[in-house]
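K.L.:
Once you've had a glance at the structure underneath, I'll fire off some questions.
The values are calculated or read from the model by the stated rules, or taken from the named source; none is laboratory data. Because the structure is predicted, anything quoted here is derived from the model rather than measured. FYI the Cβ positions are ideal-geometry reconstructions off the backbone, even for glycines, and counts take in every protein chain you see. All accessible areas refer to the heavy atoms of the entire protein, side chains included, with ligands and DNA or RNA removed. Shrake-Rupley method; radii C 1.70, N 1.55, O 1.52, S 1.80 Å.
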Amino acid sequence: MRLGREGQLALLPRWVSEKLDVHLWETNRLLEQARRELPAGARLLDAGSGEGQYRHYFEHLRYTGVDLAVGDQTWDYTGLDTQADLSRLPFADDRFDAAVCFQVLEHVNEPARVIGEIGRVLRPGGRFYLSAPMAWHQHQKPHDFFRYTSFGFTHLIEKSGMRVVEMRPWGGYFWFLSFNFQMMHDRLFPRGDNDLAYLLKLPLILPVYLVFFLLLPLLLFYLDRLDKVKDHTLGWACIAEKLPADEHRPASP
């Protein structure tokens, strides 16, 4: 049976796979940071929680996972705490102490309203941890609408009554190359092949896998420190904070 990218990564040692899964490197850092910073018992909103894959990071918190449950037909949404549209959250103002939203904003067709709603349900001073791609292929089609620059993120956040505390790129040009080299395997050997045809191509597949999925991406992971600008990034990880009402100055249209 042919394995997808996630299955291929799972076969590798963790110290290798985490360096190949570069699009999750900064998101994992953000998750760990949120877990450290949020005190026990704080009320946390996971906006666009999907299958609840991040719930285990926040077992010390009062966690609420909310999702519209339409993004991926193969996912199990039965563990949701609330099924709802993120642009119309069914919660009172200032309800949560913090919120997380990871790789979700590209899938909403009204991101300003979604971020505004998350800002509304956060208490003043509450932290918002979010990430989204800037350079990415279409996925979870047709629920894929936007890509974000750091300036677009900042505009949406400030417009919603929050301020940016920190903005981090998902690596630079070399991580961008790493991820795209890993995609070469699927483009050269598409999944339409049956198992027998795939096996017959193994003499070609294995060298491509070794060079473009493993060796080059590992090298590029370490080369990325040479890119000091990091404008050519896969995406952004951001921490924002809700301002008190008397400090909120709406962004210019």
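K.L.:
Convert 20 °C to kelvin, take the viscosity as 1.002 mPa s, use the Kirkwood radius over C-alpha pairs of segment 49-189 as Rh, and evaluate the Stokes-Einstein diffusion coefficient in µm²/s, rounded to a whole number.
P.N.:
130 µm²/s
K.L.:
Given only helices, namely DSSP H runs of n ≥ 4 each adding -39500 (n - 2.57), what is the per-residue ellipticity at 222 nm of the chain, to the nearest 500 deg cm²/dmol?
P.N.:
Dividing the helical sum by the residues of the chain leaves -9500 deg cm²/dmol.
K.L.:
On to the next question. Please work out whether segment 125-253 counts as rounded, prolate or oblate from its C-alpha gyration tensor, where a ≥ b ≥ c are the square roots of the eigenvalues and a/c under 1.5 means rounded, while otherwise a/b larger than b/c means prolate and anything else oblate?
P.N.:
prolate
K.L.:
Looking at segment 145-203, what % of the alpha carbon pairs are farther apart than 15 Å?
P.N.:
Percent of Cα pairs beyond 15 Å in segment 145-203: 69.
K.L.:
Counting only C-alpha contacts under 8 Å and six or more residues apart, can you give the relative contact order of the chain as a whole percent?
P.N.:
Once normalised by length, the contact order is 23 percent.
K.L.:
Restricting things to alpha carbons, find the Rg to Rh ratio for the chain using the Kirkwood radius for Rh.
P.N.:
Reported Rg/Rh, Kirkwood definition of Rh: 1.00.
K.L.:
Sorted by average packing, counted as other Cβ atoms within 10 angstrom per residue and highest first, what order do 115-121, 226-232 take?
P.N.:
Put in order of decreasing packing, that is 115-121, 226-232.
K.L.:
To the nearest 20 debye, what is the magnitude of the charge dipole of segment 1-74 about its Cα centre, counting +1 on the Cβ of each Lys and Arg and -1 on the Cβ of each Asp and Glu?
P.N.:
That gives a dipole near 180 debye.
K.L.:
Considering only protein heavy atoms and a 1.4 Å probe, what is the carbon-and-sulfur percentage of the accessible area of segment 153-253?
P.N.:
Ligands and nucleic acids excluded, carbon and sulfur give 66 percent.
K.L.:
If you don't mind, another one. Going by amide H atoms built from the backbone, whose H comes under 5 Å of the H on MET162, apart from near neighbours?
P.N.:
LEU243
K.L.:
For Cα pairs less than 8 Å apart in space and 6+ apart in sequence, what is the mean separation divided by the residue count of segment 1-110, i.e. the relative contact order in percent?
P.N.:
25 percent
K.L.:
Leaving out ligands and nucleic acids, and using a 1.4 Å probe, what accessible area per residue does the chain come to in Å²?
P.N.:
Normalised by residue count, the accessible surface of the chain is 52 Å².
K.L.:
Counting only protein heavy atoms and using a 1.4 Å probe, what share of the accessible area of segment 1-112 belongs to carbon plus sulfur, as a whole percent?
P.N.:
Heavy-atom surface of segment 1-112 belonging to carbon and sulfur, 1.4 Å probe: 49 percent.
K.L.:
Mind listing the long-range amide H neighbours of TYR63? Cut-off is under 5 Å, sequence gap 5 or more, other chains count too, H placed in the peptide plane at 1.01 Å from N.
P.N.:
Excluding prolines and chain starts, which carry no amide H, the hits are LEU44.
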